[in-house]
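Novice: Pasting in a structure now, in structure tokens, and then I'll have a few things to ask.
No lab work stands behind these numbers, since they all come straight from the coordinates. Everything numeric in this text was worked out from a predicted model, so none of it was measured. Here Cβ is always computed from backbone atoms with ideal geometry, including for glycine, and neighbour counts include all displayed protein chains.
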């Protein structure tokens, strides 16, 4: 799935439409913000495309705990029913749960109502296909085209769709995870881990704790009220998780867990109150999988090199995809990967389903931890230590970005390069990845090295190169 950035127009946050869905801030003017009219329009376009393409007229719908969630879900369900589509209403749920429910219900698709890690004023529609996976670029564009055309026909009164509530799907999701061969329930139960969960006032509160309890853990929950009034910035990054660090230390817990509001991103806190590192969530889980089921691994070009190191140490092959969950999944299928994901704490375990899933990531990590029989900090220290720097350069729309990338390719022609998504240049164990933003006139710059200083130096170096090229073009 494409990562969307916040856009400002005349200091007002605006509606964002993309092939991966529609998001924006609640309130304001239709077509400028995420209003009921925009919700209905884009839901209708998605549903109409489903019908026109011959898909099963059944759609699974679920939401996170955002303040606007119930309102948006009612609009979505009613619009789909108005098209003659049956709605399977999961209510408060998680993104991976909705994704798994789609094929289980033999539905034509799914809609997840969540703005992921964005603040409480945001909400969004994320569209799934009949496999419970995010729409392809082509399908996503078709939805946008239909929404713009306004040529949508609704059903007559005798052909309206039904709405069926099924609110037990999270328990079913957990049962599927516990039944996985590489989730060793007895091994985890024997450890009686004490775990603190920061549920960020959303769906993590009704999904992660029952999973942990089934695994025999003692669970302490902070920010567990599912009111959508996030106690802190909901993106599970170190600077936002000081409360979790304090809770882990004060409760003498072996582990802290943080998820985003829709529970597809996963970050761990060590027993010493330090972050395990969201980039290393996938590294640790992959390490465990590779020890038990050898095969290829996949992550996107902006994810840590540590996964490649761990994969090659296991005698297997790592593959890099373009950024975006849909691209990672496509690459995983192409190489028959045993594990994959994104460096933002997104675990994709194909044995369960092709989608980022914090629940299965938690179960696999705890199994790994139980079997290694070491504290979380010791486990982290067993992996290669890289530091990533993330920066950006603002560009004038008149500049030729393709030319900038071409000149950088020529300057570093003796270094290994990857042009699948922007330009990635490797320097031994260090790398630089430059990408055109999907929503803003900027270049995103990701660098990684063995120290913070070296990583920042790489970023400064490439920014200076770009500035020289831009000056030469003037």
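Novice: Return the whole-Å distance between the Cα centroid of the stretch 409-459 and the Cα centroid of the stretch 91-125.
Specialist: Cα centres, the stretch 409-459 to the stretch 91-125: 33 Å.
Novice: Still on this structure: Pull out a ≥ b ≥ c, the square roots of the eigenvalues of the alpha-carbon gyration tensor of the stretch 173-381, then state rounded if a/c is under 1.5, prolate if not and a/b is larger than b/c, and oblate in the remaining case.
Specialist: Numbers: a/c = 1.59, a/b = 1.38, b/c = 1.15.
It comes out prolate by the Cα gyration axes.
Novice: Continuing with the same structure: Going highest first, how would you order 383-390, 115-122 by mean Cβ packing within 10 Å?
Specialist: Per-residue Cβ counts within 10 Å, averaged per peptide and sorted highest first, yield 115-122, 383-390.
Novice: OK, next. For the stretch 8-167, what does the convex hull of the Cα positions come to per residue, in cubic angstrom?
Specialist: 104
Novice: I've got another one for you. Taking the mean number of other Cβ atoms within 10 Å as a proxy for protection, how do you rank 157-164, 205-212 from highest to lowest?
Specialist: The peptides rank, most packed first, as 205-212, 157-164.
Novice: Let me ask you something else. Arrange the following residues from fewest to most other Cβ atoms within 10 Å of their Cβ: 405, 427, 268.
Specialist: Going from least to most buried by this count: 427, 405, 268.
Novice: Given 0.36 nm per residue, what is the gain on full extension from residue 213 to residue 239 after removing their alpha carbon distance, in nm? Mind dumping the intermediate values first?
Specialist: Details: separation 26, 0.36 × 26 = 9.36 nm, distance 2.79 nm.
Separation in residues times 0.36 nm, less the Cα-Cα distance, equals 6.6 nm.
Novice: Normalised by the number of residues in the stretch 387-473, what is the relative contact order in percent for Cα pairs under 8 Å and 6+ residues apart? Please report the intermediate quantities before stating the final value.
Specialist: On the way: 123 pairs, mean separation 30.8, N = 87.
This gives 35 percent for the stretch 387-473.
Novice: Right, next: Taking every eigenvalue of the Cα gyration tensor of the stretch 222-319, multiplying by 5 and rooting it, what semi-axes result, largest first, whole Å?
Specialist: Listed largest to smallest, the semi-axes of the stretch 222-319 are 29, 15, 11 Å.
Novice: I need the shape label for the chain. Rule: rounded when a/c is under 1.5, else prolate if a/b > b/c, else oblate, with a, b, c from the alpha carbon gyration tensor. Can you show the working numbers first?
Specialist: Numbers: a/c = 1.63, a/b = 1.09, b/c = 1.50.
Taking the square roots of the gyration eigenvalues as a ≥ b ≥ c, the chain is oblate.
Novice: Rounded if a/c is under 1.5, else prolate if a/b beats b/c, else oblate: with a ≥ b ≥ c from the C-alpha gyration tensor eigenvalues square-rooted, which is the stretch 131-282?
Specialist: prolate
Novice: Obtain the radius of gyration and the Kirkwood radius of the stretch 387-473 from its C-alpha atoms and give Rg over Rh.
Specialist: 0.94
Novice: Where does each of 275-286, 454-465 land if you order them by average Cβ count within 10 Å, highest first? Let's see the in-between values first.
Specialist: On the way: 275-286: 25.6, 454-465: 17.1.
Sorting 275-286, 454-465 by mean packing, highest first, produces 275-286, 454-465.
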